[in-house]
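S.K.: Here it is, the structure, as structure tokens.
Read the figures in this text as sums done on the coordinates, not as results from a lab. Keep in mind that this is a model prediction, so the values were computed, not measured. Virtual Cβ from ideal backbone geometry, glycine too; neighbours counted across all protein chains shown.
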Amino acid sequence: MDISNWTVDDFVLNAEFRKWVLSPTSDLNVTWEKRINAYPEKLKEIKLAQSLLINFPTQNSKLTERDKQALWERIDHTTEGMAPVISRQKVIPLNSQSTIKRMDRKPAQHVRVSQEIKIAAILLVSFGLSILAATFLKREQLEPEIPLVYVEYTTPMGVKSTFLLPDSSTVMLNAGSRVRYQEHFAEERREIYLEGEAYFDVTEDVDRPFVVHTGPTSTTALGTSFTIQAYREKPVNIYLLSGKVLVAVKERRDAGVFLVEGETVTFTSGVLSQRRRFDPEKVTAWTQGIILFDETPIREAIATMEQWYGVTFRLENDPPANLRVSGKFDRELLKNILTGLGYSARFEFEILGDTISVTFNKQ
């Protein structure tokens, strides 16, 4: 192989040379010793190329300022003339460095490297460092993202919970409900995933909308308060208490429905209902610890009591189809509520631990 016209970058880019420097074998050592003997004037380029390869940072290392200085000093040293030391001792080649050092001790048979070669070497190093820096920056950008961490709150039947979100917004979670959200929220918007019923008092942040996802619907607000009912297999109800929100169906591209204070909308059978007014006291009674029945169907009232007190009702017979109950109960014991409703609804009950046995009187 004729290497008489090879430059430093030719050596660096040559696969066989790189393998000899980085993963030497006895055969490669013998091959390159013969080439150096045949072209002794290329020894300085070979030494510089070897130094560059050895000092290239790996994927898991970074070139420090101290490392850079050491590399410059080595380049300066290799591009200066060296007083040769003659050695007649036979040496078994072990690697590229030992081979080069031994060959370097032979009498000099060529002129010193010109100033042009030194400048070219410096330019090559600068170019190599710039490529490495760009490569490492690209690698850092391609690093896998840190997995998102979600926080989840769940309230069992009979339990309500109030807590603060990362943006200081307040959430009151009704019994049998669950919310989930990204631990520190995203930079673009604050997203909550709700199943069940919750009251939200949202801290205003014009740069990050507050979005509550409830299955196929989403409710977007900035600074406002509202209640959402989104129990499984039941219609989704959104009640706006203050401010303004946008209620949209995710699978549809229309603008959705804007609600103003005192308005509600229901999502059922894939459709959002028309806006309508509602009684805030009825909607928010649960947040005050009040059970409010207002001509409520008896089975709906029973479901509410099961949720509030974490019990199960067992109906011994069917109630009248048109039976409705009314009453306002402020943090009352379940026994007192059943006693009060029993007179008007004409039923008898027995509390058996977590089971309530109810028998309706025949009309």
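S.K.: From R208, R232, which residue is more than 25 Å from the chain's Cα centre (by Cα) and either over 18 Å from Y153 (Cβ atoms) or outside any strand (DSSP E or B) (or both)? Even if it seems obvious, please write down each step before you answer.
M.R.: Working: R208 fails: more than 25 Å from the chain's Cα centre (by Cα).
Result: R232 is the single residue among R208, R232 that is more than 25 Å from the chain's Cα centre (by Cα) and either over 18 Å from Y153 (Cβ atoms) or outside any strand (DSSP E or B) (or both).
S.K.: Moving to a separate point now. Taking the stated definitions as given, is E306 farther than 26 Å from T155 by Cα, surrounded by 14 or more Cβ atoms within 10 Å (Cβ to Cβ) and of a type in the set (D, E, K, R)? Give the steps one after another, and end with the answer.
M.R.: Values: farther than 26 Å from T155 by Cα: no; surrounded by 14 or more Cβ atoms within 10 Å (Cβ to Cβ): yes; of a type in the set (D, E, K, R): yes.
No.
S.K.: Restricting to region 253-286, name every residue that is surrounded by fewer than 15 Cβ atoms within 10 Å (Cβ to Cβ) and hydroxyl-bearing (S, T, Y).
M.R.: Scanning region 253-286 gives T268, S269, S273.
S.K.: Regarding G270, is this residue touching a residue at least 24 places away in the same chain (Cβ under 8 Å) and either among the aromatic types (F, W, Y) or more than 14 Å from A175 (Cα to Cα) (or both)?
M.R.: Details: touching a residue at least 24 places away in the same chain (Cβ under 8 Å): yes; either among the aromatic types (F, W, Y) or more than 14 Å from A175 (Cα to Cα) (or both): yes.
In short, yes.
S.K.: I need the full set of residues from region 340-363 which are in contact with a strand residue (DSSP E or B) (Cβ under 8 Å, 6 or more places away or on another chain), more than 15 Å from E306 (Cβ to Cβ) and not small (G, A, S), in order please.
M.R.: Hits for region 340-363 are R346, F347, E348, E350, T359, F360, N361.
S.K.: Hey, could you check region 164-182 for residues that are assigned to a loop (DSSP other than H, G, I, E, B) and not acidic (D, E) and say which is nearest to D201 (Cα to Cα)? Can you show your working first?
M.R.: Kept after step one, since they are assigned to a loop (DSSP other than H, G, I, E, B), are these residues of region 164-182: 165-169, 174-176.
Then drop every residue that is not not acidic (D, E), which leaves 165-166, 168-169, 174-176.
On the way: L165: 10, P166: 13, S168: 9, S169: 6, N174: 14, A175: 18, G176: 20 Å.
Per the stated criteria, the residue is S169.
S.K.: Here's something else I'd like to know. When residues of region 174-227 are filtered for being acidic (D, E), closer than 16 Å to K250 by Cα and crowded, with 20+ Cβ neighbours inside 10 Å, how many remain?
M.R.: Selection size over region 174-227: 0.
S.K.: Looking at (1) surrounded by 12 or more Cβ atoms within 10 Å (Cβ to Cβ); (2) of a type outside the set (A, V, I, L, M); (3) under 16 Å from E300 (Cα atoms), which is the only condition R346 fails?
M.R.: So R346 meets the others, but not (3).
S.K.: Follow-up question, since we're still on this one. What is the number of the single condition among (1) among the acidic types (D, E); (2) within 47 Å of the chain's Cα centre (by Cα); (3) under 29 Å from S242 (Cβ atoms) that E295 does not meet?
M.R.: Result: E295 passes all but (2).
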